Structures are given as structure tokens and as C-alpha cells.
Amino acid sequence: MKLYEHGAYLINGVDLVEDLPDAPQAVAKKTGVTPDKEAAKKGTMAYGILTAHNTSGDDQNLKIKFDEMISHDITYVGIIQTARASGMERFPLPYTLTCCHNSLCAVGGTINEDDHMFGLTAAQKYGGSFVPPHQAVIHEYAREMMAGVGKMILGSDSHTRYGALGTMACGEGGGELAKQLLNQTYDIKMPQVVAVYMHGTPRLGVGPMDVAIALVGATFKKGYVKNKVMEFVGPGIKNLSTDFRIGIDVMTTETTCLSSIWITDENTKDWFETHKRPEQYKELKPADIAYYDGVIDVDLGAIKPMIAMPFHPSMAYTIDDVNANLKDVLHETEERAKISFGDKINYSLQKKIVDGKLYVDQALIAGCAGGGFENCMAAADILEGQFIGDDKFTLSVYPASTPIYMEMIRNGAAATILESGAILKTAFCGPCFGAGDTPANDAFSIRHATRNFPNREGSKVQNGQIASVALMDARSIAMTAANKGFLTSAEGFEGFKSHPYHFDSTIYEKRIYDSKGVAHPEVELQFGPNIKDWPAMTALTEDVMLKVVSEIHDPVTTTDELIPSGETSSYRSNPIGLAQFALSRKDPNYVPNAKAVQDVEYGRQEGKAPEGEGFAAAYEALKAQFPAIDPLKIAIGSTIFAVKPGDGSAREQAASCQKVLGGWANIAKEYATKRYRSNLINWGMLPFLYKGDDNELPFALGDFVYVPGIRKALDEKNDNIKAYAVTKDGIKEFEVSLGDLTDAEREIIKAGCLINYNRNNLKK
């Protein structure tokens, strides 16, 4: 894989001309036209779709309205509660609510099923659609029933990616979906577009996850596509089935790109016809001359079966390299574990070496990445006549939707998989985030799923548990299973067969509630005892006083570390209940520290002078420089410092839990994703950026940060903001910035949160 150092022109979808000094002449020689770079930028597929959905009239500052939205049962309650509190009376666009995350209903008694009943009654009341548990995972349903060429779909899950079907889709936190429900817009600057130029043909036994891992490995650490659109072009795409393209596309989230889009062709057309929605197809391709801000050159034939070792999808190796250098690779993984776990736990993979080979304890093929029809069928082809063994190793296969499951029953693949000793399960996202198939302590799991972050598989370091996950393609997972748990590449397997797919939508027609856009306001929402309203939040004062309650120096902090996944997901309809888990796997002292600061703020709001938690001494120290300072007029809150927070999930709770506990800011070197930064803003938190050395911070855990005139800075759009650290060594002045903010985002922060902002506008 090659990453271009410059942009490039793409001519007729085939020829690339890198943007070097002689590029205009080279393009003119091929086309007879001297290119205009700015005009050529408008020739990308992304530009066309984005401007078609833009309502601002300014193609550089976009205000997007989406065609449809989709959410799952971890997120839809909070989104609807936010929109209700802001005045929503009906869904103004098609909105589908799926039940694929909290489907087991095994944690917390009735609370998961209570959320499902809330979802059903909300779809009835406000005019949406409702997909019951085990029918389909969120993204497979969106592909089968919602995607269309040229559409834009917004989802409250980070893997909302339907680019392989010609649909630009974005995964965002709940606040952005609530805005759409309130007829507001998704406000972004026109993103840069990077071409993913594919050529060649995949090797036998190489699957979509192999290509995806190679792609993530090449781009993530360099930030090559961060917050950009990945546009898939080139002659190699015709050599990939649509299912194969989908399997690559869904993993583009792990590159930290904003969205993705692919050219469409006869293969795409056949896919829509198979799924009985031929009207959703049209040809999509770049203009004859299109300019890209970067290029990723992908030689499909050079990619071998891959494995992403713990603890990130970018830890890319070939399976051959792992097997050839086993001790070294496992040692590298053990060293990475120290970054996440420190000395909390003894983590060793060397014990997985048996007779010089890597023995795997568990395997899964599941979810929006692995559960597609072709992945499941490829696994069945490899497992035919094989036996996975009767030792520790297990294999579970989760078809991504009931129609896929039904086809596997009808064509015999279900029996083939079960006959091997593997287990076939219904559509469920749980294995991807630790709510199902948690391995044993010290176990090593290989998965065709989306992520392998620390503890995401469900283990709990705070309880002395550790397990780990590597990502692989279904083909090599099945080959490993056929080899009874010893890591094996599927390269060269010759037994793959052609399996026609017959999509049967009747089960959806019989079970899924579809309002067809008609609201029934007479329907009463069904609340369970765990479903709570968002607590009241105050507006930002002229100045703000922060106490640093957590300090994280890991290179990247994931949303799983900010708010754990797994069993805590059941509490996401209860803002205060869920907040008790914030940073619990990373910093167990965060919650009590934040609560103590919040108690001081509650006292201030009642007219009590801030004295506890060191605030009295901090204000006394500040008086010498700020003699007019009035502690009763200054909002008090907590803040965390993290180098690069927010990689991974779109879950807004990573930010909202901090706000519920009295947080007013994050201070970071950079934010890993747009969606996490947007979540902070929508919950009224200041997304501060600190440009200094993070190993020489002006503050430390337990210190105070005073930011005078913060409202004025927001009003005047100042980006260089003076702050003052109050430490045991005295007061240190330093500078922070807020980065690009829209006018609406500034008002949201000043109001204290999106709910307050909308209520204020309703009063007007």
C-alpha cells in the first residue's frame, strides 16, 4: 500500500497523475484540457453528494440534512429523550430504531427490554420504524432496507458506513441525531477527499477484513484520512463483489475518516435487484477529471491474510509473519499492553505458544463486519467435513440478519457449520463490545468483528481479569478452526464455491413495525424504571474554574476507556446511573473526584462560598492577580487531561457522563475523532486544546485551572485563550484554544448543553 505525499488528478476513473509541478501538462496531454484544480475538486463523488444535501448555499461551510437516520438500543432512548426535552413532536425524517446491542436482557433485570418497549412506542408515537431483537444488526438492516445510491444516512453508531452501496453515511453521537430530529443541520466544513485507488485481484483465501486491516494499518497512525472522506475508485473494484466491498467499507471507521463512498457498477446494481430495491441503484462515478487531496494506492493482489493484534485494528501483521516470528510479535503485544494496563495486571501471551504454534482459545464471525452472507458461506466452505476439536477452542458464527440466516438454513450452510462443532447464533452486536462471548481470563480470541480495544471483549482489569482479541477475516478464522485452534492462514484454499443469494424479506414484513412516516401522537411512551430524563444543566458563566480530576498520558484514549462498554450498556438510558461507571477501567478515582467537585458547585449555586476540595485556597491565590474575582459568580467544574481522547465508538455517553458529573471541559493535545469532539460540544463542554508538551503540563492532577472571560472569548471567536493553573508552586499562565467552532456550537456551549440551547430558542 502506498500513500501519496501529494494530491492527485484522476482521469476517467483510471489514470492517476500526482500533483507535482508537471501535473497540469501531464493531464492536458491525456485529456486535451488543462485542469483547474478547484474545479476538479468538485468532480469527486463526495462533493456531489455533500452539496446535494447542503442547505447553507456555501459549498465550503456545509449545513447537511440527511435522508434517513438509524439508531440502536444503546443510543435511541437518550436521543429521543434529548429531542423530546427540546420540543420534538414527531420524527421529521425516516428514523429506524434497531434492537441489536442490548438484546440479551440478562443484566439489570427488565431494563433492556424496557428500552425496547420505549423504542417501539416511540416509533409508533413519532412516526418511525422499529426492528425487534435478533432480526438484524443495525448496519445490515440499513444496507438491506435503507441504503440507496446518492443518499446520506446518519447513524448513532460509529460504524455507520454504507459507501459500498453508493450511500454517504456518518456515525455520530446522539446530539447530532437529535439536531436532525429538531430540523437542525449537521454543520461541517467541506472535508478533504482521499482516493483509495484499487487495482489487481485479491489472492485466493484473502477476504475483505484482510484488505481492511492492511488499510487501517497503513493510515491510522499517520492520521492520513482523519476527518476526511475516503473515495474508493480504480479498476480493481470490478474484481470485488459488493459483499466484499461492504466488508472493507465498514472498517473505514477505524481509520478515523469522516465517511466513505465507492463507485457503483453492474455488481452494485445486481445487489440492489437481489434485495428487491432496484430503484435505489444508479451509476455513480467521479467526473472525467477529479482532484483528490491524497491517494492510497492499493494493490489487491499484494495483500495476504492479515491479523490485527491486540489492542487496536491498526496493529497489522500478515498471519505468515506472526507464525514465522511468533515470540517477537507476542512480546511486542505484551509491551503494548503495558501502555493500557501498566502494572495493574500480569499480561502474557507466550503461554499461547504450543509446539511452536499459536493456539487460539476462541473465535467469532459476527456483526456488521463479519456476519455478511459471503463471509459466512466462505467459512462454511472451509469447515465442510471438518471438526473444530473438543478442547478449549470454540467458534461462534452470527449471521448479520435473519434473511441471511434463513438463506443459510435453506442452502445447507447452517448444517455444515453446526456439524463442525461450531455454534450458529442470531443477529447480535454484543461480541463487538463485550456484551456476549466474553472469553475466559487469559484467553486469546480471534474475531471477524470491528474492534479489539483493551477490555472491549468484556474482561475487567479492575477485577483482575484480562483477555485479548485479534481481528482476522472469516476465511482464516475458519481455517484456524479447521486446524483445531492453531493460527492458520486461508491463503490458497481452493474449495470455495459459488453461492447465489436469495433475499427473503418476508420475515421483516411480518415482524418489523413501519409507521411509513405517520405519527400517532395518542400513543403513550412506555417507560421502565431505569429510563430517566437528563438532569438539569446550568449555563456557562463569564469565567470558569476547573479542577483537574484525571490525567491520562496514553497516546490514545478510547471511548471504551472513557465509558466502558459491555454490561454498562444496559444503564445508558439512565444518565446518572451510567455516569457511575465513567473512566472506571482507566481511572477508578475519577468518579469520586468529579462528584466532590460537583458538590462544591451545587453549594455555590445555593449561595455558599466555595471552600471544600481546595477551592478556597485556590481563589485566595488568584486574588493577587484578580482582585475583583467573585467565586459565587464563577461556575465550578471538573476537567480531565488526555493526550488524544475519543478514538472509537460514537457513543455520546463518553462525554455526557462527564457532564452529568459536573464536567465543564476536556483539555487535550488533539481529539481522536470529530464525533467525540462534537459530543463534548453538544453536552456544553469546552473542547480545549493545549499545544505544549504533554510531559510538561502547567497543571497536574488535583490542580486548578481558572479561565477568565471564557464567554467573551466565545462571543468574540477568540482562539487564543489565557488560562491560569493554580498549583502548589504558584500560578502559571498558559494558553489553550478551542479550534473551529460554528456559531451554533458556541451558543450550545454557552447555554450549557444542546437541550438548553433548544429550549432557549423555543422561548424566543
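General observations
- Candidates Ile11, Ile111, filtered to the one that is of a type in the set (A, V, I, L, M), modelled with pLDDT of 95 or more and outside the structural domain of Cys753 (by TED's automatic domain parsing): Ile11
- Answer residue from the stretch 319-343, given it is touching a residue at least 60 places away in the same chain (Cβ under 8 Å) and of a type in the set (S, T, N, Q) and is surrounded by the fewest Cβ atoms within 10 Å (Cβ to Cβ) among those: Asn323
- For the stretch 552-578, residues that are surrounded by 19 or more Cβ atoms within 10 Å (Cβ to Cβ) and under 21 Å from Tyr671 (Cβ atoms) total 11.
- Just one of the numbered conditions (1) surrounded by 24 or more Cβ atoms within 10 Å (Cβ to Cβ); (2) among the hydrophobic types (A, V, I, L, M, F, W, C); (3) modelled with pLDDT under 95; (4) out of contact with any Gly (no Cβ under 9 Å at 6 or more places or on another chain) is not true of Ala123: (3).
- Residues in the stretch 399-423 that are more than 20 Å from Thr506 (Cα to Cα) and touching a Phe, Trp or Tyr at 6+ places or on another chain (Cβ under 8 Å): Ser420, Gly421.
- Test: residue in the stretch 649-661 that is assigned by TED's automatic domain parsing to the domain that holds Arg572 and either among the aromatic types (Phe, Trp, Tyr) or more than 18 Å from Ile576 (Cα to Cα) (or both): yes
- Screening Lys728, Lys674, Lys732 for residues that are out of contact with any Asp or Glu (no Cβ under 7 Å at 6 or more places or on another chain) and crowded, with 18+ Cβ neighbours inside 10 Å leaves exactly one candidate, Lys674.
- Residue, nearest to Leu62 (Cα to Cα), within the stretch 729-761, restricted to residues that are in contact (Cβ under 8 Å) with a residue 24 or more places away in the chain and part of a loop (DSSP other than H, G, I, E, B): Thr742
- Residues that are touching an Asp or Glu at 6+ places or on another chain (Cβ under 9 Å) and either of a type in the set (Val, Ile, Thr) or part of a strand (DSSP E or B) (or both), drawn from the stretch 582-637: Val597, Val600, Ile629, Ile634, Ala635, Ile636, Gly637
- Here Val211, Val194 are screened, and the one residue that is among the aliphatic types (A, V, I, L, M), crowded, with 22+ Cβ neighbours inside 10 Å and more than 25 Å from Tyr141 (Cβ to Cβ) is Val194.
- Test result for Lys516, touching an Asp or Glu at 6+ places or on another chain (Cβ under 7 Å) and surrounded by fewer than 18 Cβ atoms within 10 Å (Cβ to Cβ): no
- Residue match in the stretch 273-281 (condition: outside any loop (DSSP other than H, G, I, E, B) and either under 17 Å from the mean Cα position of the chain (by Cα) or among the β-branched types (Val, Ile, Thr) (or both)): yes
The values are calculated or read from the model by the stated rules, or taken from the named source; none is laboratory data. Because the structure is a prediction, the values reported are computed rather than measured. For neighbour counting, all protein chains shown are included, and Cβ atoms are generated from backbone atoms with ideal geometry for every residue, glycine included.
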